[in-house]
1. Carbon and sulfur atoms: what percent of the 1.4 Å accessible area of the range 334-403 do they account for?
2. Would you mind telling me which residue in LEU143, LEU268, LEU413 has the biggest mean-square fluctuation in a Gaussian network model of the chain, where springs connect alpha carbons within a distance under 10 angstrom?
3. Between VAL186, VAL267, VAL132, which gets the highest mean-square fluctuation from a Gaussian network model of the chain, Cα cutoff 10 Å?
4. Tell me, what is a quarter of the convex hull surface for the C-alpha atoms of the range 201-248, in nm² with one decimal?
5. Classify the range 289-343 as rounded, prolate or oblate, taking a ≥ b ≥ c as the square roots of the eigenvalues of its Cα gyration tensor: rounded when a/c is under 1.5, otherwise prolate if a/b is larger than b/c and oblate if not.
6. Given 0.36 nm per residue, what is the gain on full extension from GLU312 to ALA193 after removing their alpha carbon distance, in nm?
7. From the alpha carbon gyration tensor of the range 267-410, can you work out the equivalent ellipsoid semi-axes (sqrt of 5 times each eigenvalue) and give them in Å, largest to smallest?
8. Which distance in nm do the two modelled labels at ALA239 and ALA372 give, with both placed 7 Å along the Cα-to-Cβ direction?
Amino acid sequence: MSAAGQAAAVLPGAPHLARRGATLQLEGHALAELARRFGTPLYVYSRNAMRAAVGAYQRALAGRPHLVCYAMKANSNLAVLQTFAEAGCGFDIVSAGELARVLAAGGRADRIVFSGVGKRRDEMALALEAGVRCFNVESEGELRVLDEVARAHGVRAPMSLRVNPDVDAGTHPYISTGLKGNKFGVAHGQALAAYRLAAELPGLRVEGIDCHIGSQITQIEPYLDALDRLLDLVESVEAEGIGLRHVDVGGGLGITYTDESPPAADVLVGRLLGRLDARGHGHREVLLEPGRSLVGNAGVLVTEVLYLKPGEVTNFCVVDAAMNDLTRPALYDAYMGIEPCEARPGLLPQRWDVVGPVCESGDWLGRQRDLAVAVGDHLAILSAGAYGMAMASNYNTRPRAAEVMVDGAAVHLIREREQPAELFAAERLIQH
Ligand SMILES: *Cc1c(COP(=O)(O)O)cnc(C)c1O
């Protein structure tokens, strides 16, 4: 136990979140106080945690041509994008809506890579007009459509082929997007032919190669396997006189939710650069597309305890955040840490299922958690900075939560709490 006045981290990989005495703080700000000031449910992010996370990637890449493209689907609040734009990041986008957000946040179009298996023509046109850095193309059909759209605009679309490296499932069963049989990317065996086609199409300009093998990856080996597969292709493609400027190894690095111990970003990058050097590709520009690992452990979701319902089988702790605010537990059976914002040393912990108000049995945030709580207390759901607010919905006509960014001594409201009337403002009654 830490003495009052001394801060103790509560989760590995989240050094900006600490308990000082009884009080849980993010960058020194008491979460219970922020909850009283801004209401709940409330997302709170640490700006310096985000800066530290991206800094680890960037320092490891220093001295090399590189671009870290924040995969913004993890958390697309404008102030979050602004933070990464100011840190020199590019962005990995998957829709025209995300393109509009980057531009609204002051991000540079020439640092955007456009991923996604189902880009529409109008989205391609908008991205071409904005002048994005690269289209990450996922099929032969998309190559032909992009060529047409680019020629109609009188430009050549910069492109990379997203290759499905088919990293060995037996060795790495947790990889979900880099295997044969899923919808992403061009099969490794078809990639060379696709590059030949791309090189012939007058509306395209071949720039690089990319992959993205999955998410919440906690080992380095699958990345090295995928990189080897990419480099094999790079060598075959260049042997035919088609030059490739960059290698984009995607995102997917995991974070600590409970007892995972993913490699640090600089360790992962160091190993990737080592492999590039060893194979004679040290000169090549390296792109990365991290999402979760830049924001996940920078944020928490704060919620208030509404009711305690001890039961014959299960004790329920009913809070005011729900599956619409934070979907990961309901959607993936995901474990997220839960900590009281003010510890109650005098109260004996009991075992609770922490559930929300939504009318679904799947509406839970944590199961079988030993917590000393009382009605009116605030709880923090940890590691909620990634795929939290970004996946929130208005199910049950629940206004989405407010978002706050702390930055040293400063506290910024970066998204106002929605009001119910906003939720149906676009709907129309039928006129009689
Ligand atoms: C989602 C995604 C990422 C980021 O994944 P994380 O697991 O959040 O790091 C990167 N690249 C592409 C193409 C993605 O779809």
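1. Looking at the range 334-403 in its full context, I get 50 percent from C and S.
2. LEU413
3. Among VAL186, VAL267, VAL132, the largest GNM mean-square fluctuation belongs to VAL267.
4. 4.1
5. Prolate shape, in that a/c is at least 1.5 and a/b is the bigger ratio.
6. The GLU312-ALA193 span can extend by a further 36.5 nm.
7. Semi-axes from the Cα gyration tensor: 37, 17, 16 Å.
8. Between ALA239 and ALA372, the label points sit 6.7 nm apart.
The values are calculated or read from the model by the stated rules, or taken from the named source; none is laboratory data. Since this is a predicted model, take the numbers as computed values, not measurements. Every residue, glycine among them, receives a Cβ derived from its backbone with ideal geometry; neighbour counts consider all protein chains shown. All accessible areas refer to the heavy atoms of the entire protein, side chains included, with ligands and DNA or RNA removed. Shrake-Rupley method; radii C 1.70, N 1.55, O 1.52, S 1.80 Å.
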